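For reference, the structure is listed below as structure tokens.
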Amino acid sequence: MSLDPGLLLRGGVLGFTIAAAVGPITMLTIRRTLAYGWAIGFASGLGVVTVDTTYGAVAAFGITAVSDVLVAISRPLALVGGVFLIYLGIRTMRSEPIDPRGADPAGRPSVVSAYASIVGLTFTNPLTIIAFAALFVSFGVHGSATDALLVVIGVGLGSLLWWTLLTTTLAVIRHRLSLRTLRAANLVSGAVITVFGVLAIVKGVAG
């Protein structure tokens, strides 16, 4: 059985591109990084990497039973995720900006809770499996376990690269931002998160 290293690269490009798409998780991770620093932001991004890689594996290896169950409960998951996103969005818009030059805020989440909360939110969109499956076919994954493994590893590495670059860049510049800018960031990110929450509920209700 021959190996196709190009699948690893293509998987990396796919993982990076999917991770870079702007959505509620991206806005939440940006907000957390600006407010609490690199460790919390990176832990949040690592949660996305975990789910993307897991869903990618389900799609690539054709684990039909798992895929069918997740897709079957996609509506209630969308509703739960939507409600939680709205809660997070409103709370973010109402929160006061945290001065990165000051002491650690009392409400600072732990690395574990930051990671776990993002994993929970990202898992509420199991239809991602279908998207991965379609993309994998276009990338030339046709049932070979070796091909599937290479693409999945690539997806994980590509996603990890994006979140590392994003959170590191934000961590570097956060100390240079004024409280007014951070307040604006809270309002914008909170509004975007809320809108995505509403859309998730609408999608869940409409089916």
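The values are calculated or read from the model by the stated rules, or taken from the named source; none is laboratory data. None of these values were measured; they are calculated from a predicted model. Counting neighbours? That spans all protein chains shown, and the Cβs are built from the backbone with ideal geometry, glycine included.
Quick test for you: out of I90, I73, I86, I63, pick the one residue that is crowded, with 18+ Cβ neighbours inside 10 Å and either β-branched (V, I, T) or at pLDDT 85 or above (or both).
I86
Would you say I153 is assigned to a helix (DSSP H, G or I) and either farther than 16 Å from G12 by Cβ or at pLDDT below 70 (or both)?
So I153 does not fit the description; no.
Restricting the range 120-132 to residues that are at pLDDT below 80 and surrounded by fewer than 18 Cβ atoms within 10 Å (Cβ to Cβ), which is nearest to P5 (Cα to Cα)?
Step by step, filter the range 120-132, then rank; the result is A131.
Please verify whether A185 is buried (at least 17 other Cβ atoms within 10 Å of the Cβ) and at pLDDT below 85, treating the condition exactly as stated.
Spelling it out, A185 is indeed buried (at least 17 other Cβ atoms within 10 Å of the Cβ) and at pLDDT below 85.
Are there any pairs with C-beta distances below 6 angstrom linking a residue in the range 67-85 that is charged (D, E, K, R) to a residue that is modelled with pLDDT of 70 or more, with the two at least 6 apart or on different chains, and if so which?
Every condition considered, the pairs that remain are R75/G204.
Among the listed residues T29, T33, identify the single one that is over 11 Å from the mean Cα position of the chain (by Cα), crowded, with 23+ Cβ neighbours inside 10 Å and modelled with pLDDT of 90 or more.
Matching residue, one of T29, T33: T33.
What are the pairs, 6+ residues apart or on separate chains, where a residue within the range 156-181 that is in contact (Cβ under 8 Å) with a residue 60 or more places away in the chain has its Cβ under 7 Å from a residue that is outside any helix (DSSP H, G or I)?
A171/G37; R174/P100; H175/P100; H175/R101; L179/P97; L179/D99
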